[in-house]
Amino acid sequence: MNDLKRVGPRTVVWLNEAQHYIGAGQGVGEHIAAALRSLLLNRQASPILILGTLWNNYATEYTTLPAPGKPDLYPQTRELLAGRLISVPDNFDAVAIRDARIMASAGDPQLAQALKQAQDGRLTQYLAGAPALSERYRMAAPAVRALIQAAMDGRRFDVGNHIAGNFLAHAAEDYLTDTEYLTLGPNWLDEAFCESNRPVHGNLAPLVPVHIRGAPYRHQPHQINDIGSRKYRLADSLEQLGRLERSQFCPPASFWEAAHEYLTDSVELANLAVAAHDRHRLYWAHRLTRRVEEQGDASAVIGLADMWMEEHPALAESLYRRSAEMGNARAMNSMGYLREDAGDRDGAEEWYRKASGAGDGEATYRLAEIYENLGDVEKAERLYRQALDLGDTEALGSLGRIISDRGGDDVEAISLFTRSICLMVRQAARVTIGRLDRVTGAQHSSIGPWDSRKRVAHPIFGIEEKGDAGDYRGFFEAVADASRNGDTYGIMCHYLLFNSEDRDQAEKMLERAGRDGNTYALIELANNREKAGKLKESEALYRALIGSGDNAPLASLADLMKKAGNLKEAESLYWRAIEAGNTYAMCRLSELKEYTGDHAGAVEIALQAANAGDAGAVRALSKERASREGFDDPWPYGLDPDGTSTAESW
């Protein structure tokens, strides 16, 4: 933590760029978040203020609930942030500008300069040096710009905040054109690092060497042989600029080569393997996966096994086995599932036993199912209870059913069923939101997981607490309260509760939420109208939203127009959605072009989507072409970094 000090009777904890703390890898961030929560609850330490800054993309990542079946990476962080996020506007409003002018006229020269130079009220960004850093980046010599872009790509793929110099040095080469490379001098790399460290505003510089406490300080200029032993930090504003401007680019070959050669942290390597796989760069995804396996990090290995399961099941199974051999309980459970799927019940039971003994709740639940199917209800009940104790909530309904069937405690059975219903509603709400995120391009939506139209405590508190306790009335009230305050998660839970009993009432609730400004409610309502065959009503809802300036329904309306045979408008709408950053629209447009016979156009759009991190169109097109007479799979072994087909099997 940057600072922990006494100010009179208060304790103040200042977390500048809080993602560096609560987002730290290998569980460190979760430990920090748990410690901060404990500090807030410690009466002996109160009154206490914990204040930090957090970029929007990190806030979204940390507070979004995981999809069903996916591991929850940030439970402590989400609880820490729940109800405590304060949105800071991008620019000063008229009142704030007026106050700033008063302060400037009273003798604040920096504020006066910011008022003079900043555009659209973006004083904070100017004072933080963001415009100067951005200008330095855009005007930089090719070698300096290459280093910065390599660092930008590393950060957007979650390479650590302190980036290895030898990685940057190797990665930068292919960011240069052939002409640029030929004009470089003999000391270009050392000169580029030195130039990237030259301050532009106070102590701010695009890329600065990190000085570790206790390590001997080395004065500039540093020599080329120093680069490998140094770590470098990219300026925060350039990191955000890179995430925005380079989102549609896949890094060149030298980037992936450098990662494979010089990075050693298993979490960083795994993040890059996922990034390569998301872009259908399968050769590098495979090589980086093997590097992670060499590091011996069982949790990182199993995450990559999940990634390969559909595309390369043999590789996935070998990774599950490797992780299981390292003692990972979830990997043992996955091995059991694979054996069960293959019809090997004895092998499955053996793996489930191992996983259950290692504390995996899902494996214990699956073991209980096996015994229930064999007729050993008593043992099944014992295992279902054990699974619940280990946190596997899927056991709720099964345990309730067993208790009810044997004429056991009715109160306990009803409590279990109620908890199970609340769980299913919450899971279905998350799935619905995930589907809408995909279609609308969530990163461009105005809806965030903590947003509400009124200043209220975070609604997830009540929904989760009452749902976990099986308090149905309390759960319904918490959901209704969250829904009234515009929270999307609450709205979807509310809708699903109504829909199970009264579909008309459920749709009226969505209409109310839509009138109050929730885009997702109206899109879900339009989806329902479309499923019911009311295409004109669905179209009218989409067009009304788009007419109000909301881009979220563009791809959905395009899908509807395609279904209606209006292919020209469908293509136009897909392009508009793509311009708004929606990769789902890229995939759908690729399908449309293939359908209409524009095979070259289908390939072009599929590659564009893959570069942006959505390889769905490439995979769908590969499968489609491979299944049709007269066509071959254009990318049987994946893509090279430059977008061409990989020549050989990996």
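The values are calculated or read from the model by the stated rules, or taken from the named source; none is laboratory data. A quick note: this is a predicted structure, and the numbers were derived from the prediction, not measured. FYI the Cβ positions are ideal-geometry reconstructions off the backbone, even for glycines, and counts take in every protein chain you see. Accessible surface areas use protein heavy atoms only, side chains included; no ligands, DNA or RNA. Shrake-Rupley method; radii C 1.70, N 1.55, O 1.52, S 1.80 Å.
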(message) Please verify whether GLY357 is out of contact with any helix residue (DSSP H, G or I) (no Cβ under 6 Å at 6 or more places or on another chain) and farther than 20 Å from ASN373 by Cα, treating the condition exactly as stated.
(response) yes
(message) For region 30-69, give me the residue count where each residue is more than 19 Å from the chain's Cα centre (by Cα) and among the hydrophobic types (A, V, I, L, M, F, W, C).
(response) 12
(request) Scan ALA647, ALA610 and give me the residue that is within 24 Å of GLU257 (Cβ to Cβ), among the aliphatic types (A, V, I, L, M) and surrounded by fewer than 12 Cβ atoms within 10 Å (Cβ to Cβ). (result) ALA647
(request) Answer with yes or no whether GLU173 is modelled with pLDDT of 95 or more and either among the hydroxyl-bearing types (Ser, Thr, Tyr) or part of a helix (DSSP H, G or I) (or both). (result) yes
(message) Give me the residue from region 500-549 that is of a type outside the set (Gly, Ala, Ser) and touching a residue at least 40 places away in the same chain (Cβ under 8 Å) and, out of that set, farthest from LEU573 (Cα to Cα).
(response) ASP516
(request) Just name the residue that is surrounded by the most Cβ atoms within 10 Å (Cβ to Cβ) out of those in region 56-105 that are in a loop (DSSP other than H, G, I, E, B) and among the charged types (D, E, K, R). (result) ARG84
(request) Check LEU525, LEU557, LEU545, LEU541 and return the single one that is modelled with pLDDT of 95 or more, within 17 Å of LEU436 (Cβ to Cβ) and open to solvent by 10 Å² or more (accessible area, probe 1.4 Å). (result) LEU541
(message) Contact list please: Cβ distance under 8 Å, first residue in region 303-331 and more than 17 Å from ALA270 (Cβ to Cβ) and open to solvent by 30 Å² or more (accessible area, probe 1.4 Å), second residue outside any loop (DSSP other than H, G, I, E, B) and not basic (Lys, Arg), pairs at least six apart or on different chains.
(response) GLU317/ALA305; GLU317/MET335; GLU317/LEU338; ARG321/ALA331; ARG321/MET335; GLY327/ALA298
(message) I need the full set of residues from region 605-631 which are of a type in the set (D, E, K, R), touching a helix residue (DSSP H, G or I) at 6+ places or on another chain (Cβ under 8 Å) and farther than 14 Å from GLU594 by Cα, in order please.
(response) ASP614
(message) Return the residues of region 471-489 that are farther than 17 Å from LEU81 by Cβ, of a type outside the set (Lys, Arg) and at pLDDT 90 or above; say none if nothing qualifies.
(response) ASP471, TYR472, GLY474, PHE475, PHE476, GLU477, ALA478, VAL479, ALA480, ASP481, SER483
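Residues are listed down the side, and each one gets a yes or a no for (1) modelled with pLDDT of 95 or more; (2) outside any helix (DSSP H, G or I); (3) crowded, with 17+ Cβ neighbours inside 10 Å; (4) charged (D, E, K, R):
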| residue | (1), (2), (3), (4) |
| --- | --- |
| VAL431 | no, no, no, no |
| GLN443 | no, no, no, no |
| ILE447 | no, yes, yes, no |
| SER452 | no, yes, yes, no |
| VAL456 | no, yes, no, no |
| ASP468 | no, no, no, yes |
(message) Given the criterion part of a loop (DSSP other than H, G, I, E, B) and within 30 Å of ARG625 (Cβ to Cβ), identify the matching residue among GLY533, GLY565.
(response) GLY565
(request) Return the total of residues in region 465-499 being within 18 Å of VAL431 (Cβ to Cβ) and either of a type in the set (Gly, Ala, Ser) or without any contact (Cβ under 8 Å) to a residue 12 or more places away in the chain (or both). (result) 6
(request) Just give me the residues in region 572-595 being among the polar types (S, T, N, Q) and either under 17 Å from LEU436 (Cα atoms) or in contact with a Gly (Cβ under 9 Å, 6 or more places away or on another chain) (or both), in sequence order. (result) ASN582, THR583, SER590
